[in-house]
1. Within the stretch 68-76, does at least one residue satisfy the condition of being part of a loop (DSSP other than H, G, I, E, B) and without any contact (Cβ under 8 Å) to a residue 40 or more places away in the chain?
2. Out of the stretch 52-68, which residues are open to solvent by 40 Å² or more (accessible area, probe 1.4 Å) and closer than 12 Å to residue 12 by Cα?
3. Tally the residues that are under 20 Å from residue 61 (Cβ atoms) and either modelled with pLDDT under 95 or not basic (Lys, Arg) (or both), restricting the search to the stretch 8-38.
4. Exactly one condition in (1) part of a loop (DSSP other than H, G, I, E, B); (2) open to solvent by less than 40 Å² (accessible area, probe 1.4 Å) is false for residue 22; which is it?
Amino acid sequence: MSVNKVILVGNLGKDPEIRTTKDGKEIANFSIATTESWKDKSTGERKNKTEWHKVSVFSQGLVGIIKNYVKKGSKLYVE
């Protein structure tokens, strides 16, 4: 058995989407942008690379928190 663990710290690109399944459970979907910055060794120029990560939340307690407190631009820590 192997375990993969990811920690993301980034900003939301748009408001979370909340949808409801046929059996009435809510699911939150959102994308987090993480940005890496560095200085180019040859030119001395600052460079940035942004990656987008799609996240789905199924826990009803966390979906409630996301619905009430998370908006576009929010900084999130996801583990």
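1. Filtering the stretch 68-76 down to residues part of a loop (DSSP other than H, G, I, E, B) leaves 70-74.
After this cut, where a residue has to be without any contact (Cβ under 8 Å) to a residue 40 or more places away in the chain as well, the list is none.
No, the stretch 68-76 has no match at all.
2. Within the stretch 52-68, the subset open to solvent by 40 Å² or more (accessible area, probe 1.4 Å) is 52-54, 56, 58-62, 65, 67-68.
Within the stretch 52-68, 52, 53, 54 qualify.
3. Start the filter on the stretch 8-38 by keeping residues that are under 20 Å from residue 61 (Cβ atoms), which leaves 8, 12, 15-21, 23-30, 32.
Okay, now just the ones that are also either modelled with pLDDT under 95 or not basic (Lys, Arg) (or both), so 8, 12, 15-18, 20-21, 23-24, 26-30, 32.
Going through the stretch 8-38 one residue at a time, the tally reaches 16.
4. The single condition residue 22 does not satisfy is (2).
The values are calculated or read from the model by the stated rules, or taken from the named source; none is laboratory data. Computed from a prediction, not measured in an experiment: that's the story for all the values here. A quick note on method: Cβ atoms are made from the backbone with ideal geometry, for glycine too, and the neighbour counts reach across all protein chains shown. These accessible areas exclude ligands, DNA and RNA; they are computed on the full protein's heavy atoms, side chains included. Shrake-Rupley method; radii C 1.70, N 1.55, O 1.52, S 1.80 Å.
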